[in-house]
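Notes for the one structure printed next.
The values are calculated or read from the model by the stated rules, or taken from the named source; none is laboratory data. Here the structure is a predicted model, which means the values were calculated and not measured. The accessibility values were calculated without ligands, DNA or RNA, using every heavy atom of the protein model including side chains. Shrake-Rupley method; radii C 1.70, N 1.55, O 1.52, S 1.80 Å.
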Amino acid sequence: MKSMALATVMLLGAFSATAASLPRHGIVMFSSLCVSEQSGDLYGLRVTLRRIGDVDDLVLELESEQPLRVWPVAINAVLGTIRFAMPKPYSGAEVTARLTPRGGLLLEGALLNADSRDRFKLPRVTDFSRALPNC
């Protein structure tokens, strides 16, 4: 019985450590977006995870493209992973994202087309009042 209680405490401890980085309710944003000084165009990627009630969805912004709502989203709070499929006309392939030790997000998968193997590191946005940096 003691080993069962110890295992439960260890499991809850692991869950709460990751859950602090990825809250059960609210909005979390990760972004590498920047603005070109010459043209004013946006470059980079922004991921917004919305966790409202029992529904999780993700908004993906690729450079100057229209935002894409991605659903369904599979979140494993214990492992700190997020899985989703890119919508058409993009790759349609599955993408895996995982939280980094510093609180950022590492995206891996075919984001732009089915033949690509993209990898993006996105820092977590904590100051929403700050302007986008120049590229």
If you count only protein heavy atoms with a 1.4 Å probe, what accessible area per residue comes out for the stretch 44-86, rounded to a whole Å²? 51 Å²
Within the stretch 22-135, what whole-number % of the accessible surface is contributed by carbon and sulfur, with the 1.4 Å probe and all protein chains included in the calculation? 51 percent
